[in-house]
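A.B. asks: Let me begin by handing over the structure; questions about it come next.
The values are calculated or read from the model by the stated rules, or taken from the named source; none is laboratory data. This structure is a prediction, so every number in the text was calculated from the model and none was measured. Backbone-built Cβ (ideal geometry, glycine too); neighbour counts: all protein chains shown. Accessible surface is based on the protein model in full, side chains and every heavy atom, while ligands, DNA and RNA are left aside. Shrake-Rupley method; radii C 1.70, N 1.55, O 1.52, S 1.80 Å.
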Amino acid sequence: MTTQRRERAPRQADVARLAGVSQSAVSRVIGGDPEAAARIPEDTRRRILEAVKELGYVPNLSARRLRNKTNRLLGVHTFEPVFPHARESFYFEFLLGIEERAEEIGYDLVLFTSTGASDGRRRVYRDGTNRLNVADGSVLLGVATDKADLARLWQEGYPFIHIGRRDVPGADIPCVVPDYFGITGDIAGRLAALGHRHVAYLREDLELEPYEDRRRGYADAVERLGLTDRSPGFRGVPGLDDAWLDELARGPETAVVAESERLAEALRHGLRERGRDVPADVSVVVLEGIGPDASLRWEHLDIPRKEIGRTAIDALVAIVDDPDARNESIVVPCSIVDGDSTAPPAPKESAPHA
C-alpha cells in the first residue's frame, strides 16, 4: 500500500542495527540504570552511543516509565456509542477481535464510555485528566475522532493504537489501517479485466482519511490501467442526482464504483427508471460491506474487522512493551466479495425514451 506517511523518528531497533548489537544492549546502555549499563563492554557502549548521536535518537522518558506497569489491563475507547446495539454496529467485529485476542494473551479489558462532553462528543480528557491512564494502553476507534486528543496523547507518550488511519499535524499516530488504497485499485483492475474501459466513481459527501485512501487508490488505478473516467465523483463532486443519472444512462460508461451500499441502491433504482439495469447495462462494485436487506448481491469490498481488532491488541501490547514501536502503523489487506452486480460490458445502445 502506498499510504502517505510522515518520516518516523529513530527507534531503539534502528540504534541496535546501526551499532551491530542487540536491542536489549541498547536498552541497558540508555535506560538510566548505571549497573545495567556497566555490564555492557566498553566498546559496545561506545558504538551504541555513537549510533544514538548519529541517528539523533531521543528516548521517550514518559513512555519509558509506563513499561513497568504490571496490571495487564488494556482500554478500549470509542469516539461514538457502540452499545446497546453493538451487534448491529459496524464496530461489533472489531470488538470481537479485540476481546478474543486480549483473552488469549492474558490481558483484561476496560471499555471507556463515560467521557462524553456536553456537546455530545466523546473525548479522552475530562477536566484536563486523561481518563485512559487506568489502563496500560488503549485501542481507540470511531469516525468522530477528536484529533486534539490524539495529538495530546501522542505528546504525553501514552501508549495507544487507533483503528483506521488518522492524520494529525505534529504527531505520527500509530494505526491499524485497512488497505483501502490497494483493494480499490484491485477492484478497478477487476473491472478492467472484464473489459470495462469507461468507468465512473460515485462518492459520498465525506472527507475522512478512509475515503481519501479509497479515492486515491481508484485514481491511481484509472491512470495506471488507462481507463477513462469523466464522472463528477472522480473530480471530487459527491452525490447522485438526476443529471448524473441521465449522463450515465446515455454516456459510454459501463461500470460504476460506488462508495456505499446506499449509493449503489439509489443508482440501481435510478438506472431502472431510465431503462437500464445492473449488471446487464452497468456493472457496479461497492466499497463497503453489504447489509442483509440489500436488493442485489452486490460485489463489494470486505474489511477483515475481527482480524483488525486482534492485530490492534498485538500492536498495542508491543507499544506498551517498547514505546518506540508507537512510530509504526500496520496495514491489513482487505478482500473482494463476489456478487451478481458485475459482468462484461455489453454494447451500449441509446437509452430508451419514456
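A.B. asks: Could you check, for the stretch 245-255, whether at least one of its residues is surrounded by 17 or more Cβ atoms within 10 Å (Cβ to Cβ) and out of contact with any strand residue (DSSP E or B) (no Cβ under 8 Å at 6 or more places or on another chain)?
C.D. replies: Yes: one or more hits.
A.B. asks: Could you please tell me which pairs satisfy a Cβ distance under 8 Å, a separation of 6+ or placement on different chains, a first residue in the stretch 128-143 that is closer than 17 Å to D167 by Cα, and a second residue that is open to solvent by 10 Å² or more (accessible area, probe 1.4 Å) and basic (K, R)?
C.D. replies: Filtered contacts from the stretch 128-143: G142/R122.
Yes or no, residue by residue, for (1) surrounded by fewer than 19 Cβ atoms within 10 Å (Cβ to Cβ); (2) out of contact with any Ser or Thr (no Cβ under 6 Å at 6 or more places or on another chain); (3) among the aromatic types (F, W, Y); (4) not in a loop (DSSP other than H, G, I, E, B):
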| position | (1), (2), (3), (4) |
| --- | --- |
| L296 | yes, no, no, no |
| L301 | no, yes, no, yes |
| K306 | yes, yes, no, yes |
| G309 | no, yes, no, yes |
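A.B. asks: Given L55, L74, which one is open to solvent by 40 Å² or more (accessible area, probe 1.4 Å) and either modelled with pLDDT of 65 or more or in contact with a Lys or Arg (Cβ under 6 Å, 6 or more places away or on another chain) (or both)?
C.D. replies: None of the other options fit; the residue is L55.
A.B. asks: I'm checking my understanding of the structure. Among residues of the stretch 134-146 that are within 19 Å of the chain's Cα centre (by Cα) and surrounded by fewer than 23 Cβ atoms within 10 Å (Cβ to Cβ), which one is modelled with the lowest pLDDT?
C.D. replies: Once the filter is applied, the top-ranked residue is A144.
A.B. asks: May I pose another question? Checking the structure you have, find out if any residue of the stretch 147-157 is in a loop (DSSP other than H, G, I, E, B) and open to solvent by 10 Å² or more (accessible area, probe 1.4 Å).
C.D. replies: Checking the stretch 147-157: not a single residue is in a loop (DSSP other than H, G, I, E, B) and open to solvent by 10 Å² or more (accessible area, probe 1.4 Å).
A.B. asks: So which residues in the stretch 167-212 are among the charged types (D, E, K, R) and assigned to a helix (DSSP H, G or I)?
C.D. replies: D186, R190, E209, E212
A.B. asks: Does A315 satisfy the criteria of being over 19 Å from L95 (Cα atoms) and either surrounded by fewer than 21 Cβ atoms within 10 Å (Cβ to Cβ) or under 26 Å from the mean Cα position of the chain (by Cα) (or both)?
C.D. replies: For A315, the condition - over 19 Å from L95 (Cα atoms) and either surrounded by fewer than 21 Cβ atoms within 10 Å (Cβ to Cβ) or under 26 Å from the mean Cα position of the chain (by Cα) (or both) - is not met.
A.B. asks: Select from the stretch 198-207 the residues that are surrounded by 15 or more Cβ atoms within 10 Å (Cβ to Cβ) and out of contact with any strand residue (DSSP E or B) (no Cβ under 6 Å at 6 or more places or on another chain) and list them in ascending order.
C.D. replies: R203, E204
A.B. asks: I would also like to ask the following. Check G339, G275 and return the single one that is in a loop (DSSP other than H, G, I, E, B) and in contact with a Phe, Trp or Tyr (Cβ under 7 Å, 6 or more places away or on another chain).
C.D. replies: G339
A.B. asks: Within the stretch 176-200, can you find the residues that are under 21 Å from the mean Cα position of the chain (by Cα) and more than 27 Å from R310 (Cα to Cα)?
C.D. replies: Passing the criteria: only A188.
A.B. asks: Right, something else. Would you check which residues across the stretch 158-172 are closer than 25 Å to E212 by Cβ and surrounded by 15 or more Cβ atoms within 10 Å (Cβ to Cβ) and list them?
C.D. replies: F160, I161, H162, I163, G164, R165, R166, D167, V168, A171, D172
A.B. asks: F92 versus (1) at pLDDT below 70; (2) open to solvent by less than 60 Å² (accessible area, probe 1.4 Å): which is the lone unmet condition?
C.D. replies: (1)
A.B. asks: Check whether at least one residue in the stretch 224-233 is more than 18 Å from I336 (Cα to Cα), of a type in the set (D, E), in contact with a Ser or Thr (Cβ under 9 Å, 6 or more places away or on another chain) and not in a helix (DSSP H, G or I), and report yes or no.
C.D. replies: No, the stretch 224-233 contains no residue that is more than 18 Å from I336 (Cα to Cα), of a type in the set (D, E), in contact with a Ser or Thr (Cβ under 9 Å, 6 or more places away or on another chain) and not in a helix (DSSP H, G or I).
A.B. asks: Can you find even one residue in the stretch 283-303 that is over 30 Å from the mean Cα position of the chain (by Cα) and in contact (Cβ under 8 Å) with a residue 24 or more places away in the chain?
C.D. replies: no
A.B. asks: Farther than 20 Å from L267 by Cβ and either crowded, with 23+ Cβ neighbours inside 10 Å or in contact (Cβ under 8 Å) with a residue 40 or more places away in the chain (or both): does that describe E223?
C.D. replies: The answer is no for E223.
A.B. asks: With respect to D242, determine if the residue is over 21 Å from the mean Cα position of the chain (by Cα) and over 28 Å from R310 (Cβ atoms).
C.D. replies: So D242 passes the test.
A.B. asks: Restricting to the stretch 256-267, name every residue that is in a helix (DSSP H, G or I) and open to solvent by less than 40 Å² (accessible area, probe 1.4 Å).
C.D. replies: If the condition is that a residue be in a helix (DSSP H, G or I) and open to solvent by less than 40 Å² (accessible area, probe 1.4 Å), then E261, L263, A264, L267 are the ones that fit.
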